[in-house]
Structure formats: C-alpha cells, structure tokens
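For reference, the structure is listed below as structure tokens.
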Amino acid sequence: MDPLCGARLQVIRTLNTKILFCVKNAEALQILYDFCEKHNMRYIKSNANFTFFETGMDSKEVNARILKHGILIGRPFPPKLDWMRISTARPEDMQFFVEAYEKEFFS
C-alpha cells in the first residue's frame, strides 16, 4: 500500500472518531438541557464536555445526596455554590444521572 494512502486512511479514521465523539457529546448535553428545562433549572449551554446548572441548594448537599446513587459531580465553584459543574459521559450515562437526580430531588 502506498504510504500516503495509509496515512490518509488514518486521518479519516481519526476524524470519524472525533465526529462520533462530538455527536455523542451533543446528545449527552441535550439530555441535560432537557432535564434542566423540564424542572425550570437555569443552565449554561456548552461547546465542551461539561456544563453548569443551578441546583437551588448548596453544592455540597447535592454532591452528598447524588453520591448515594453512585454519581460523583464536580467540586463547588465559589461564589456560585448553588451551581454544579457536570461532565458529560455516554448518553445512556447521562440518562441514568437524570433519573437518579429526579428520584433524589423531585420525588
């Protein structure tokens, strides 16, 4: 095989992987946005693999309660101690987070 052809194939594979990541990340973020909108929670739209949302309570309390479901959320971000940073994962993981959060805080 022509070395340039092999290099081009590798570039295409890399680009496909990055595109798939971006698509899945966008799906995961949309799950979080839909959750926040459903519960009238403010959030920040993101182009990264995380976002912030307003919990309405101290982030330490949120962390302690959601940890019971096996979920670890990011550290507090003073002075916005009632906002949480959450990193995205696979869409099915974000759906699990949403369901656990709803059980813990909205039922």
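The values are calculated or read from the model by the stated rules, or taken from the named source; none is laboratory data. Because the structure is predicted, anything quoted here is derived from the model rather than measured. Cβ placement follows ideal geometry from the backbone for every residue including glycine, while neighbour counts extend to all protein chains displayed. Note: accessible area is taken over every heavy atom of the protein model, side chains too, but ligands, DNA and RNA are not part of it. Shrake-Rupley method; radii C 1.70, N 1.55, O 1.52, S 1.80 Å.
When residues in the stretch 86-107 are screened for being under 20 Å from residue 76 (Cα atoms), part of a helix (DSSP H, G or I) and polar (S, T, N, Q), 0 of them pass.
Can you find a residue in the stretch 67-85 that is of a type in the set (D, E, K, R) and modelled with pLDDT under 90? Yes.
Out of 107, 59, one residue alone is open to solvent by 90 Å² or more (accessible area, probe 1.4 Å) and small (Gly, Ala, Ser). It is 107.
In the set (1) open to solvent by 70 Å² or more (accessible area, probe 1.4 Å); (2) under 30 Å from residue 18 (Cβ atoms); (3) out of contact with any helix residue (DSSP H, G or I) (no Cβ under 9 Å at 6 or more places or on another chain); (4) not acidic (Asp, Glu), the condition left unmet by residue 72 is number (3).
Among residues of the stretch 1-19 that are under 20 Å from residue 47 (Cα atoms), none has a beta-carbon under 7 Å from a residue that is part of a helix (DSSP H, G or I) and open to solvent by less than 80 Å² (accessible area, probe 1.4 Å) at least six positions away or on a different chain.
Checking each residue in the stretch 14-59 for being part of a helix (DSSP H, G or I), closer than 17 Å to residue 106 by Cβ and among the β-branched types (Val, Ile, Thr) picks out only 31.
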